[in-house]
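Take a look at the structure set out below.
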Protein chains: 2
Amino acid sequence: MQLFKRRQSSLGPNTATHVYQGGIPLHIVRGQGCHLYCSDGTEYLDCVNNVAHVGHCHPEVAQAVSQQLITLNTNVRYLHSSVVDFAEALVSTLPQQLQVCYYVNSGSECNDLALRIARLARPGATHVAVMAGAYHGHVSSLIDLSPFKFNGQGGGGQPAYVHVLPCPDTYRGLNLDGKAAARAAIEGAHAAGGKLCAFFCESILSCGGQVVLPKGYLQDVYREMRAEGALCVADEVQCGYGRAGSNFWVFETQDVAPDILTTGKPIGNGFPMSVLVTSRELAKSFSNGMEYFNTFGGCTAAGAAGLATFQVLRRERLQENAAAVGAHLLHRLSMLQKEHACLGDVRGMGLMQGIEIVTDPTSKRPDSKLAAELREQMAVRHHVLVAIEGPHNNIVKIKPPLCFSHKDADRLVDALSDVLASGKANGGC
Amino acid sequence: MQLFKRRQSSLGPNTATHVYQGGIPLHIVRGQGCHLYCSDGTEYLDCVNNVAHVGHCHPEVAQAVSQQLITLNTNVRYLHSSVVDFAEALVSTLPQQLQVCYYVNSGSECNDLALRIARLARPGATHVAVMAGAYHGHVSSLIDLSPFKFNGQGGGGQPAYVHVLPCPDTYRGLNLDGKAAARAAIEGAHAAGGKLCAFFCESILSCGGQVVLPKGYLQDVYREMRAEGALCVADEVQCGYGRAGSNFWVFETQDVAPDILTTGKPIGNGFPMSVLVTSRELAKSFSNGMEYFNTFGGCTAAGAAGLATFQVLRRERLQENAAAVGAHLLHRLSMLQKEHACLGDVRGMGLMQGIEIVTDPTSKRPDSKLAAELREQMAVRHHVLVAIEGPHNNIVKIKPPLCFSHKDADRLVDALSDVLASGKANGGC
């Protein structure tokens with residue numbers, strides 16, 4: 001409690017917190033694999049951290065970064081193998097045309113850089129298309145591109161140069177036509193006297209509610225966008241890097257290849273870093289005389305963190321684990337769904353899943369209150385940490401470190417089942 | 001060479017590089033204190049790295065971060081002591097009204113956040129005043145606020161909402177009147193139908209050319225800005241944190257206190273992190289319902305890096321060292337200046353100094369060619385690394401890690417002296 005008071009005094013009042021019963025955030029002191037440990041020794045199952053991609057405090061990644069920090073950690077103006085090795089490893093996972101990397105510090109810096117590249121590549125075209133509910137970052141330029149932020153509490157509303165495609169909703173059968181959505185955004189730009197330079201889209205909509213895009217959706221949108229001259233930016237800061245299980249990058253599941261790929265959270269397993277990858281042609285148009293320098297972006301320790309994380313991911317076959325455990329989890333959740341009418345939709349790919357909580361299966365009305373209650377009870381009674389997301393705050397979000405096991409998945413579903421059963425006994429769903 | 005080719009193939013073509021003779025960046029493999037070591041074993045004296053603040057690879061900082069990485073490294077949504085301890089340490093160095101911290105990942109994210117805070121605090125006021133030659137960051141919003149970028153190669157020119165105060169030049173006796181400069185910026189905003197929300201200023205102008213502001217300058221500017229309702233942002237990403245020697249923060253030397261302080265490069269000794277500090281009142285107006293979350297900003301490892309760097313800085317009395325060695329360096333450079341007419345001006349505070357290279361002391365014409373030659377010869381012949389900066393690329397920049405010794409300072413001046421003497425023998429200055 002003392003620490004919380006000190007924190008409230010020294011950190012900004014709107015700093016994000018995970019608060020549970022008692023109104024105090026968990027005081028976590030140790031992490032290992034998919035587990036977090038409180039100061040009182042209590043163990044929690046972490047089902048939401050997509051930054052500790054290969055597991056909290058993976059010893060091999062920690063060791064690689066530590067070794068680099070004591071040997072050399074300087075900027076990219078000098079030549080060093082770690083950043084080149086990791087850039088090559090990243091490129092090796094991508095379609096042939098994505099081959100030039102820019103190191104930055106965060107998903108926000110990465111998406112902002114994508115915007116800069118798009119605007120230089122398409123002179124005169126300044127408008128941007130995004131998906132409803134999207135979150136692309138916290139810097140000024142990206143709050144403008146994030147309906148999650150500009151339509152949310154404290155937001156300033158939709159900028160005139162931003163055009164929003166409605167969120168496809170397979171559960172309700174709404175907005176499934178990518179071509180129509182793209183055309184509307186393009187025509188919206190024209191009507192406002194502008195032209196799109198880029199279309200930003202997470203390959204699975206995260207803050208939008210763990211939405212898996214309908215088959216063919218991105219192909220249809222990309223086709224229209226490219227016909228208009230707009231670049232297609234795949235934001236895989238949250239969903240990419242093996243999480244989907246079936247594929248290393250989620251855009252592959254849509255049979256498309258973006259012009260710019262932005263990455264972030266998982267690639268350094270918690271070391272602050274991010275990489276943008278684009279084509280040689282776009283890198284060339286971006287290289288217009290203005291040097292690109294980022295103090296920390298591409299520091300030698302970032303290269304070491306990236307490379308070690310990538311090697312662990314491969315050697316421990318964590319993408320394959322995401323596929324196997326993800327399938328098991330989805331199956332068990334689907335079974336549970338049959339018993340509880342409030343579990344409106346269960347969806348996802350690999351270890352990125354969402355459960356849509358509704359008041360009843362007929363109206364499909366979002367039930368944010370119940371979702372919040374489930375999150376709270378799962379944490380308090382079962383020490384299982386999930387999060388709530390989506391424009392109606394009714395999606396239970398699951399995106400654990402990729403070392404999540406079958407046993408962990410069972411524990412998660414058992415906890416949810418128990419909480420739902422107790423609720424039912426008390427007149428719930 | 002092979003590594004350089006691989007890098008050219010995998011990283012963006014406009015990625016910044018320090019290139020010397022032979023056209024290949026130095027391949028640095030090890031760093032210690034103020035020294036960098038090449039793959040062939042050659043040792044270099046690093047006189048420009050202001051990120052490795054307490055010395056390259058300081059073992060105590062590396063150890064603290066390593067320990068944190070293997071124990072826990074997660075986000076600020078949970079409670080953890082490291083980020084609170086460091087925030088308190090930072091606040092303890094500051095004027096009483098600066099007491100609320102926001103963790104971000106870089107100086108760029110920090111200045112962008114300052115802009116967001118200013119715009120929310122001053123609704124309707126969207127214009128911004130900055131100094132000529134200023135660099136405040138590489139994200140879209142800050143390229144707009146950086147004459148160094150928007151007036152530089154590949155830049156898009158000055159945005160209509162940005163107003164530029166001319167750079168005070170004590171060497172030439174130009175633009176010394178802060179009040180007049182501030183009034184012109186304020187009136188420029190009015191003439192454009194706008195109003196200033198903020199004035200951004202580095203407390204020593206870095207990219208502007210290592211310019212120490214005239215006594216009373218910021219007091220005069222701040223008074224006018226505040227009368228207009230604009231917030232004063234002190235960007236100490238490069239100059240702050242003990243580097244000035246006489247003071248921990250450079251704004252103190254101007255007898256002012258900013259409304260927002262932005263920090264960056266030095267505070268984690270190379271760990272990617274940055275902190276913004278502001279008043280409780282401004283933090284409150286920023287807390288308008290929109291949550292502030294930054295994936296890596298305030299991660300537990302950042303707290304550990306910040307705290308360890310701060311403790312080393314204090315215990316090794318590096319601010320005091322910056323004062324003592326800085327004074328010695330300035331004295332020796334002033335002596336050298338008497339022998340060489342091309343050393344037009346020698347200036348700085350502590351371990352942040354600049355040498356203005358001119359064609360002759362009468363015309364004071366900037367000599368960028370000679371400056372570049374000095375940099376090259378110092379590196380190639382003496383293995384002493386300096387950089388060139390300023391709007392005319394004629395300022396030799398010196399800002400080494402704060403453990404720079406008297407002996408290091410002597411080596412730097414001796415190298416410069418030798419290079420100048422050789423030049424003189426060949427008809428130089």
Check: Does region A:190-246 hold any residues that are among the small types (Gly, Ala, Ser) and either over 23 Å from A:Gly350 (Cβ atoms) or assigned by TED's automatic domain parsing to the domain that holds A:Arg347 (or both), and which are they?
Finding: A:Ala191, A:Ala192, A:Gly193, A:Gly194, A:Ala198, A:Ala227, A:Gly229, A:Ala230
Next item on the list: Of the numbered conditions (1) at pLDDT below 95; (2) surrounded by 23 or more Cβ atoms within 10 Å (Cβ to Cβ), B:Ser274 fails exactly one; give the number of that condition.
Entry: (1)
Next item on the list: Considering only region A:53-82, state which residues are assigned to a loop (DSSP other than H, G, I, E, B), more than 7 Å from chain B (Cβ to nearest Cβ) and hydrophobic (A, V, I, L, M, F, W, C).
Entry: A:Val54
Margin query: I'd like to verify a number: residues in region A:375-405 that are open to solvent by less than 10 Å² (accessible area, probe 1.4 Å) and in contact with a Ser or Thr (Cβ under 6 Å, 6 or more places away or on another chain), how many?
Written below: 1
Note to self: For region B:83-107, give me the residue count where each residue is within 15 Å of B:Gly268 (Cβ to Cβ) and either more than 10 Å from chain A (Cβ to nearest Cβ) or in a helix (DSSP H, G or I) (or both).
What the structure shows: 7
Next item on the list: Restricting attention to region A:1-24, report how many residues are of a type outside the set (A, V, I, L, M, F, W, C) and not in a loop (DSSP other than H, G, I, E, B).
Entry: 8
Margin query: Within region B:242-262, does at least one residue satisfy the condition of being facing chain A (nearest Cβ under 9 Å), open to solvent by less than 20 Å² (accessible area, probe 1.4 Å) and of a type in the set (S, T, N, Q)?
Written below: no
Notebook entry, point to check: Pick from region A:279-300 the residues that are more than 7 Å from chain B (Cβ to nearest Cβ) and in a loop (DSSP other than H, G, I, E, B): which of them is most open to solvent (accessible area, probe 1.4 Å)?
Noted result: A:Ser279
Check: Considering region A:108-122 alone, what residues qualify as being over 21 Å from the mean Cα position of the chain (by Cα) and more than 10 Å from chain B (Cβ to nearest Cβ)?
Finding: A:Ala118, A:Ala121, A:Arg122
Next item on the list: Would you check if there is a residue in region B:301-314 being touching a helix residue (DSSP H, G or I) at 6+ places or on another chain (Cβ under 7 Å), more than 24 Å from B:Gly350 (Cα to Cα), buried (at least 21 other Cβ atoms within 10 Å of the Cβ) and within 8 Å of another protein chain (Cβ to nearest Cβ)?
Entry: yes
Next item on the list: For residues that are touching a strand residue (DSSP E or B) at 6+ places or on another chain (Cβ under 7 Å) and open to solvent by 10 Å² or more (accessible area, probe 1.4 Å), tally how many sit in region B:79-90.
Entry: 1
Next item on the list: Would you check if there is a residue in region B:27-50 being of a type in the set (Lys, Arg) and either under 30 Å from A:Val139 (Cα atoms) or more than 9 Å from chain A (Cβ to nearest Cβ) (or both)?
Entry: no
Check: When only residues in region B:9-34 that are more than 19 Å from A:Phe296 (Cα to Cα) and of a type outside the set (A, V, I, L, M, F, W, C) count, which is modelled with the highest pLDDT?
Finding: B:Ser9
Margin query: Which residue is most open to solvent (accessible area, probe 1.4 Å), if the candidates are limited to region B:140-199 and must be among the aromatic types (Phe, Trp, Tyr) and within 14 Å of chain A (Cβ to nearest Cβ)?
Written below: B:Phe148
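Mind telling me which of the residues B:His127, B:His163 ends up being over 25 Å from A:Gly137 (Cβ atoms), in contact with a helix residue (DSSP H, G or I) (Cβ under 6 Å, 6 or more places away or on another chain), not aliphatic (A, V, I, L, M) and not assigned by TED's automatic domain parsing to the domain that holds B:Pro361?
B:His163
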Item checked: Residue among A:Gly326, A:Gly354 that alone is open to solvent by less than 50 Å² (accessible area, probe 1.4 Å), of a type in the set (Gly, Ala, Ser) and either farther than 26 Å from A:Phe310 by Cβ or not assigned by TED's automatic domain parsing to the domain that holds A:Leu402 (or both) -> A:Gly354
Margin query: Checking the structure you have, find out if any residue of region A:405-412 is over 24 Å from A:Gly33 (Cβ atoms), of a type in the set (Gly, Ala, Ser), within 25 Å of the chain's Cα centre (by Cα) and not assigned by TED's automatic domain parsing to the domain that holds A:Leu213.
Written below: no
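The values are calculated or read from the model by the stated rules, or taken from the named source; none is laboratory data. Keep in mind that what you see is a predicted model, and the values were worked out from it rather than measured. Note that each Cβ is placed from the backbone with ideal geometry, even for glycine, and that neighbours are counted across all protein chains shown. Calculation scope for accessible area: heavy atoms of the full protein, side chains included, ligands and nucleic acids excluded. Shrake-Rupley method; radii C 1.70, N 1.55, O 1.52, S 1.80 Å.
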